[in-house]
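These notes concern the structure reproduced below.
Just so it is clear, none of the values below were taken in a lab; they were calculated from the coordinates. Keep in mind that this is a model prediction, so the values were computed, not measured. Here the Cβ is made from the backbone with ideal geometry for all residues, glycine too, and neighbour counts use every protein chain on show.
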Amino acid sequence: MFKLIKTEGHARRGEFVTPHGTFQTPAFMNVATCGAIKGAVSALDLKNIKCQVQLCNTYHLHLRPGDGNVKALGGLHKFTRWDGPILTDSGGFQVFSLAKLRNIKEEGVYFNSHIDGRKIFMGPEESMNIQSNLGSTIAMAFDECVENPSPYGYTKDSVNRTTRWLERCKERLNYLNSLDDTINKEQMLFGINQGGTYKDLRVNHMKEIAELDLDGYAIGGLAVGEPTEVMYEIIEQVEPYAPKDKIRYLMGVGTPANILESVARGIDLFDCVMPSRNARHGQAFTFDGIRNLNNAKYELDELPLDVHCDCPTCKNFSRAYIRHLLKSGEMLGMRLMVMHNLYFYNNLTQIIRNHLDNGTFGEFYKQNIEILGTRI
């Protein structure tokens, strides 16, 4: 399923074959939490901005419109009209970040909906049931994402429970894939490495879950408040124990510089709401650095957001016009910004792949790592 084509240092160039098409890695997944990219960007638009994989969220789609409704409508692919790979997050992170009241048990988590307060239960089997109804290409295992920092003892217990939940997820998904009415009978399963910021817990957990021979392995519970340097250290500690022949996914990360640093440490797959969220507030990622369109200096600026970019936004519209739209509260301003930022992220990973193909990733890294994080 995952083919490692070549390496440069720890950086990896590969491709991942799925029931809904093959995508090239390193790759960035465009986050369509509720089945759509925030900012009025449709699945059809994604084709024009180099998107390879769409990510949707189990928790949110379970609440609205309901996974049973999505299944009745043919699954996420038919529902959203995106025909490429779709990964669904298990809902675990949302349960632990959005639910004000929650009670963690061995069987799963009891919590209140952040929308209307109604009581909900979600465990490994429920998460797999929902994701099977959604018919995604890749299902994520249900896990507990602890706060950073958390006490060592609690984190260790949480990691052990996450492993037991993972084994239940695997068993349940195998069963669901065997049913006649399952939308995607080849649905894949990724396990999630946890352990907070404790290196020994992280390493031991990766060793344990690697033995389950899953379709892919994610590193979760990072980029949630700990210093960036700590995140990089955790990746470096865990990477040697992640299966070499399986895809590696760093969840919820991050800035362009984060992606470049993490590719250099052996990560293949990324997702983050940052490009679309920041775009809606006027922040554009460019190869000259980070540009804030709210600044008055762009009021008469006729240049595109990024002079190095050939996205639909930069081909047709000026900084001055987009700034005007944002200041006027026009939805088109947010849409154009989101289109650009997502294109930038997708294009960045394509450029990284090209440099890995040519054996020049190290040079590209040195030339761009400082610039990408600079605020213009």
Original post:
Based on the Cα atoms of the range 241-309, what semi-axes does the equivalent ellipsoid have, where each is the square root of 5 times one gyration tensor eigenvalue, given in whole Å with the largest first?
Top reply: 32, 12, 8
**OP:** Using Cα centres only, tell me the gap between the range 124-196 and the range 299-365 in whole Å.
**Re:** 35
Original post:
What per residue convex hull volume, in Å³, do the alpha-carbon atoms of the range 148-221 yield?
Top reply: 84
**OP:** Pop out the ³J(HN,Hα) list for the range 327-335 in order, Karplus 6.51 cos²θ - 1.76 cosθ + 1.60 with θ = phi - 60°, rounded to Hz; leave Gly and Pro as x.
**Re:** 5, 8, x, 7, 4, 4, x, 5, 4
Original post:
Taking only DSSP H segments of four or more residues, each worth -39500 (n - 2.57), what value at 222 nm results for the chain once the sum is divided by all its residues, to the nearest 500 deg cm²/dmol?
Top reply: -12000 deg cm²/dmol
**OP:** May I ask for the equivalent-ellipsoid semi-axes of the range 37-111, computed as the square root of five times each C-alpha gyration tensor eigenvalue and listed largest first in whole Å?
**Re:** 28, 14, 11
Original post:
Between H77, H340, H281, which gets the highest mean-square fluctuation from a Gaussian network model of the chain, Cα cutoff 10 Å?
Top reply: H281
**OP:** Determine by what factor the alpha-carbon radius of gyration of the range 233-281 differs from 2.2 N^0.38 Å, reporting the quotient.
**Re:** 1.26
Original post:
What's log10 of I(q)/I(0) for the range 137-179 at q = 0.24, 0.27, 0.33 Å⁻¹, Debye sum over Cα points only, no solvent?
Top reply: -0.81, -0.91, -1.12
Original post:
So how strong a dipole does the chain carry about its Cα centre when Lys and Arg Cβ are +1 and Asp and Glu Cβ are -1, to the nearest 20 debye?
Top reply: 780
Original post:
Which value, to two decimals, describes the C-alpha radius of gyration of the range 222-363 once divided by 2.2 N^0.38 Å?
Top reply: 1.18
**OP:** Name the residue farthest towards the positive end of the dipole of the chain from the options M1, V203, C272, assuming +1 on Cβ of Lys and Arg, -1 on Cβ of Asp and Glu, about the Cα centre.
**Re:** C272
Original post:
To one decimal place, what orientation-averaged projected area in nm² is obtained for the convex hull of the Cα set of the range 1-125?
Top reply: 10.1
Subject >> Ratio Rg/Rh, restricted to the range 83-145 and using Cα atoms, in which Rh is the Kirkwood radius >> reply: 0.99
**OP:** Give me the percent of DSSP beta bridges within the chain that run antiparallel, rounded to the nearest 5.
**Re:** 50
Original post:
Per the Debye formula with a single identical scatterer at each Cα and no solvent contribution, what log10 I(q)/I(0) holds for the range 263-342 at q = 0.22, 0.23, 0.25 Å⁻¹?
Top reply: -0.95, -1.03, -1.20
Original post:
So what J values fall out for the range 37-51 if you push phi through Karplus, 6.51 cos²θ - 1.76 cosθ + 1.60 with θ = phi - 60°, rounded to Hz, Gly and Pro as x?
Top reply: 6, 5, x, 6, 10, 9, 4, 5, 5, 4, 4, 8, 10, 6, 5
**OP:** Give the residue from V159, Y217, C145 lying farthest towards the positive end of the charge dipole for the range 122-237; charges sit on Cβ (+1 for Lys and Arg, -1 for Asp and Glu) and the dipole is referred to the Cα centre.
**Re:** V159
Subject >> Calculated P(r) of the range 66-225 - Cα pairs past 21 Å, % >> reply: 47
Subject >> Cysteines (scope the chain) whose Cβ has no counterpart Cys Cβ under 4.7 Å >> reply: C34, C51, C56, C145, C169, C272, C311
**OP:** Let me know the volume per residue of the alpha-carbon convex hull for the chain, in Å³.
**Re:** 132
Subject >> Filter on K199/K366; K185/K366; K156/K366 - keep pairs with C-alpha separation over 32 Å >> reply: K185/K366; K156/K366
**OP:** Express the relative contact order of the range 283-373 as a whole percentage, based on alpha carbon pairs under 8 Å and six or more residues apart in sequence.
**Re:** 30
